[in-house]
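Worksheet for the structure shown next.
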Amino acid sequence: MDKGFLHIDEEVNPADLICSTKLYGISSPDLVRFQTTFGDFEGLPLSKFALHWACAAESEEAVKRLLSGTNNETVEDGNGVHPLYYAAQNGCQAICEILLRHNYDPNHLGGHFGSAIQAASSGGHEKVVQMLPDNGADINAQGGEYGNALQAASHRDHEKVVQILLDSGAVRDFH
């Protein structure tokens, strides 16, 4: 799975870059030395895509801290997706749960795979695929490279995910 940089057509500052790594939220002497040497990134303004970066980087601590602040507006990035998509794509169950508690839409359509459940299905992330329908995700949503979650899981030979989707009521309609 490609975990490269996100396509965001906006200026990125050092705080955004920290959000896109696991450094955000680490308290260690090395990080204190980094902050002292390069400045306190905590005081820098974050872009409106900081949460996307944190979800793509699988940084649960960054997600929690960002959602506790004022920078938690739901926006689409350059890929047409919300942060939940990246958490689902990476199989980050804890981050998905946090975002769902903050009312992020599990049915937002966009991105390469079409939706969060399709991204999770394509990656074979069983626990996320089980969790999303329980939180309102449409398992039969259409769009993306494979058409729907069942096709995404089937194409990647994720047999357990296919069974989870079928047990949850996925339609076996391959066009």
Whole-number D in µm²/s for the range 82-140 (Stokes-Einstein; Kirkwood sum over Cα pairs; 37 °C, 0.692 mPa s): 310
Ellipsoid equivalent to the range 107-175 - semi-axes via the Cα gyration tensor, in Å: 14, 13, 11
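Values quoted throughout were computed directly from the atomic coordinates according to the rules given, and no laboratory measurement underlies them. Please read all numbers here as calculations on a predicted model, not as lab measurements.
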